[in-house]
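The values are calculated or read from the model by the stated rules, or taken from the named source; none is laboratory data. The structure presented is a predicted model; accordingly, all values stated were derived computationally and were not measured. Using ideal geometry, Cβ is built from the backbone for each residue, glycine included, and neighbour counts are taken over all protein chains shown.
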Amino acid sequence: MKKEIKIALVAIAAIVILFFGMNFLKGISLFSEKNVYYARFSNINGLTANNPIFANGYQVGLVKDIHFDYSGQGDIIVAFTLDDKMHLPVGTAAAIESDFMGNVRMNIVFPTNNTPLPTGEGAGVGLLHKGDTIPGSQAEGLMARAAALLPAVEQMLPKLDSILMSVNTLLADPSIARTLHHAERVTADLNTSTRQLNTLMANLNRQVPALMSKANGVLDNTQQLTHNLAAVDIDATMQKVDRTLANVEATAKQLSQPNGTLGLLMNDPSLYNRLNGTLNSAEMLLNDVREHPKRYINVSVFGRKSKE
């Protein structure tokens, strides 16, 4: 008998622990006082009991109970509990939102013109009391925004069909295939040109050391020439040039003087005339010799002499 009692006590303890554990995992605390409020919705969008309640993204409570208002308005009343430290100012509302995964939660929406909550004496002024009812609405979440876009998407579908038909017509044009073929050939030519350019650059890279050595040789020759020019005695060379120019000038003066031989030859017209007459006489004599050579040459054949 005692054994059965022990088994029953262990089972009861396990059930209690399981109950508290499940509630703990759900975020329900059974040992702390809660503030119960109500929210009135026209549509709760699948909200259920024990759904979390958030304020500014932080969980502040849980949905306690949900019941339908049969008084004729058709609204749904949601009872929810908040932490004792949570105070709701007058004008607070509730909003239900859902995401793409189907998760539903209720958010506490504070009034935008909210003033700091009073503390100490006068606390509770401007605050809602336990059991008060706040208005509820559907928050415009991602699903609502997506639903709002559906009419615009439906209007765009015919245009998309027209665009797709135009694209198909364009792709069916044989000129597109020819263009792609030409583009492929151009790409092949570019690849060939790139390989040739790489080969040329490789040859240039191999020739660069030889070119650099030649350039160094030219620089060495230039430096040697510069060194030789620097070694030349410019003053002595200019003195020699001056002496040569002086001799040329003296020679020119002698040629210009009428008393000298060269001066007389260059300045005496009678001497020129006599030389010119002598040359003319010599030319006449040579012409006569060519025309009448026998006058000047006496040839004897077989002991005979003949004259003309």
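Considering each residue of the stretch 129-144 in turn, none proves to be over 30 Å from T92 (Cα atoms) and modelled with pLDDT under 80. Exactly one residue out of Q196, Q254 is among the polar types (S, T, N, Q), assigned to a helix (DSSP H, G or I), at negative phi and at pLDDT 80 or above, and it is Q196. Taken over the stretch 222-253, residues that are within 60 Å of the chain's Cα centre (by Cα) and surrounded by 10 or more Cβ atoms within 10 Å (Cβ to Cβ) amount to 5.
Just for the stretch 104-128: of the residues that are of a type in the set (V, I, T) and at pLDDT below 90, which one is farthest from D75 (Cα to Cα)? Checked the stretch 104-128; the qualifying residue farthest from D75 (Cα to Cα) is T119.
Among the residues of the stretch 68-103, those identified as assigned to a strand (DSSP E or B) and small (G, A, S) are A79, A93, A94, A95, S98. Only one of the numbered conditions (1) assigned by TED's automatic domain parsing to the domain that holds L62; (2) at pLDDT below 75 is violated by R40, and that is (2).
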